[in-house]
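Structure first, commentary second.
The values are calculated or read from the model by the stated rules, or taken from the named source; none is laboratory data. Only a predicted model underlies this, so the values are computations on that prediction, with no experimental measurement involved. So basically every Cβ, Gly included, is an ideal-geometry build from the backbone, and we count neighbours across all protein chains shown.
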């Protein structure tokens, strides 16, 4: 037997009253954050449809586009992350949730090609077997905002091969295993160093719905040359970032909006002393960089401060529940 319905009467709904009625029935939700999210989502979606006078054909095209994103996605390719990236949403969400105090390393986009099967590698190891790649020695440190080294930070690192493809984009990856990626840990001096190849510019996957969307928008699908990094340790705010090579032709037009001035770096060449110390060839490319991490507490405090200020500017009466805004009710 069907349970007795106690919600509002949903009869004779129109262009003008569909939104408040949808929010009214969704408002029966007991989770204040979910109720607030759904209220704003419905309101903005309905306002978008009214403002654009959305046609049935356009509505169906959008739904089919989302279906296509799901159909092409897999365990190693996430088309919805790619869509979020090219719409600028990924960078926006990261900036809201992981604000960085001055002098700390800024974040960038995760991208759709991070995996969880990268091999653990000791200091000095090589994460690339690409014979066509130009050898690159990376010498890095991890410190806190006071300049103190941080030991035991887990560092995920990944990049494309010299052809501009991630390992998961090649057939036979399951048999060959991961390449151009690794996991390391900072030592007692906060240092980690490894051998890679010089990053190259590459196109994001453009054989699926997102690529077709970019084409219709008249946008290119290229990313500037970069190395991805992800840092994690209990008590520290997780940092997802990347280092971009200065002078890349796509430096100022990254398809996923990931480049920031503080993340643009210059490469040097390995001198004789460095070659001897690190066991590489003199004349190889050299990247040196210091990463600065912040605590979870510092990030939470800054995120809360930014949220309160932003909501006040919008004239919204809100309170923070678990660091997330919900309506302030009398």
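When you go through (1) surrounded by fewer than 18 Cβ atoms within 10 Å (Cβ to Cβ); (2) more than 13 Å from the chain's Cα centre (by Cα); (3) in contact (Cβ under 8 Å) with a residue 24 or more places away in the chain; (4) within 30 Å of residue 214 (Cα to Cα) one by one for residue 96, which number turns out not to apply?
(2)
All but one of (1) touching a residue at least 40 places away in the same chain (Cβ under 8 Å); (2) out of contact with any helix residue (DSSP H, G or I) (no Cβ under 8 Å at 6 or more places or on another chain) hold for residue 327; state the number of the condition that does not hold.
Unmet for residue 327, out of (1) touching a residue at least 40 places away in the same chain (Cβ under 8 Å); (2) out of contact with any helix residue (DSSP H, G or I) (no Cβ under 8 Å at 6 or more places or on another chain): (2).
Looking at (1) more than 22 Å from the chain's Cα centre (by Cα); (2) surrounded by 15 or more Cβ atoms within 10 Å (Cβ to Cβ); (3) at pLDDT 95 or above, which is the one condition that is false for residue 64?
Looking at each condition in turn, residue 64 falls short on (2).
Right, residue 149: more than 22 Å from the chain's Cα centre (by Cα) and surrounded by 13 or more Cβ atoms within 10 Å (Cβ to Cβ) or not?
yes
Check residue 281 against each of (1) touching a residue at least 60 places away in the same chain (Cβ under 8 Å); (2) under 30 Å from residue 219 (Cβ atoms); (3) in a loop (DSSP other than H, G, I, E, B); (4) in contact with a strand residue (DSSP E or B) (Cβ under 9 Å, 6 or more places away or on another chain) and name the one condition it does not meet.
Among (1) touching a residue at least 60 places away in the same chain (Cβ under 8 Å); (2) under 30 Å from residue 219 (Cβ atoms); (3) in a loop (DSSP other than H, G, I, E, B); (4) in contact with a strand residue (DSSP E or B) (Cβ under 9 Å, 6 or more places away or on another chain), the lone unmet condition for residue 281 is (2).
Part of a strand (DSSP E or B), in the same structural domain as residue 83 (by TED's automatic domain parsing), under 26 Å from residue 95 (Cβ atoms) and modelled with pLDDT of 95 or more: does that describe residue 228?
yes
For (1) farther than 15 Å from residue 114 by Cα; (2) free of Cβ contacts under 8 Å to residues at least 40 places away in the same chain, each residue gets a yes or a no:
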position	(1), (2)
140	yes, no
146	yes, yes
149	yes, no
156	no, no
163	yes, yes
181	no, no
186	yes, no
189	yes, no
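This table checks each residue for (1) farther than 30 Å from residue 259 by Cβ; (2) touching a helix residue (DSSP H, G or I) at 6+ places or on another chain (Cβ under 8 Å); (3) assigned to a helix (DSSP H, G or I); (4) assigned by TED's automatic domain parsing to the domain that holds residue 170.
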{"residue": "4", "(1), (2), (3), (4)": "yes, no, no, no"}
{"residue": "10", "(1), (2), (3), (4)": "yes, yes, no, no"}
{"residue": "22", "(1), (2), (3), (4)": "yes, yes, yes, no"}
{"residue": "29", "(1), (2), (3), (4)": "yes, yes, no, no"}
{"residue": "41", "(1), (2), (3), (4)": "no, no, yes, no"}
{"residue": "50", "(1), (2), (3), (4)": "yes, no, yes, no"}
{"residue": "62", "(1), (2), (3), (4)": "no, no, yes, no"}
{"residue": "69", "(1), (2), (3), (4)": "no, yes, yes, no"}
{"residue": "84", "(1), (2), (3), (4)": "no, yes, yes, yes"}
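Just to be sure before I move on: is residue 248 without any contact (Cβ under 8 Å) to a residue 40 or more places away in the chain and farther than 26 Å from residue 185 by Cβ in the structure I sent?
Criteria not met by residue 248.
Does at least one position in segment 318-329 carry a residue that is closer than 20 Å to residue 34 by Cα, modelled with pLDDT under 95, in a helix (DSSP H, G or I) and not assigned by TED's automatic domain parsing to the domain that holds residue 94?
no
Being over 17 Å from the mean Cα position of the chain (by Cα), without any contact (Cβ under 8 Å) to a residue 60 or more places away in the chain and either closer than 23 Å to residue 191 by Cβ or not in a loop (DSSP other than H, G, I, E, B) (or both) is the requirement here; does residue 298 meet it?
Details: over 17 Å from the mean Cα position of the chain (by Cα): yes; without any contact (Cβ under 8 Å) to a residue 60 or more places away in the chain: no; either closer than 23 Å to residue 191 by Cβ or not in a loop (DSSP other than H, G, I, E, B) (or both): yes.
Taking the combined requirement at face value, the residue does not satisfy it.
Do we have any residue at all in segment 159-172 that's in contact with a strand residue (DSSP E or B) (Cβ under 9 Å, 6 or more places away or on another chain), assigned to a strand (DSSP E or B), within 30 Å of residue 295 (Cα to Cα) and at pLDDT 95 or above?
No - not one qualifying residue is present in segment 159-172.
Among the residues of segment 249-264, which ones are in contact with a helix residue (DSSP H, G or I) (Cβ under 7 Å, 6 or more places away or on another chain) and surrounded by fewer than 19 Cβ atoms within 10 Å (Cβ to Cβ)?
257, the sole residue that qualifies.
Please enumerate the residues belonging to segment 129-144 that are in contact with a strand residue (DSSP E or B) (Cβ under 8 Å, 6 or more places away or on another chain), farther than 19 Å from residue 271 by Cα and modelled with pLDDT of 95 or more.
Initial filter on segment 129-144 (in contact with a strand residue (DSSP E or B) (Cβ under 8 Å, 6 or more places away or on another chain)): 130, 133-144.
Restricting the remaining residues to those that are farther than 19 Å from residue 271 by Cα gives 130, 133, 141-144.
Within segment 129-144, 133, 141, 142, 143, 144 qualify.
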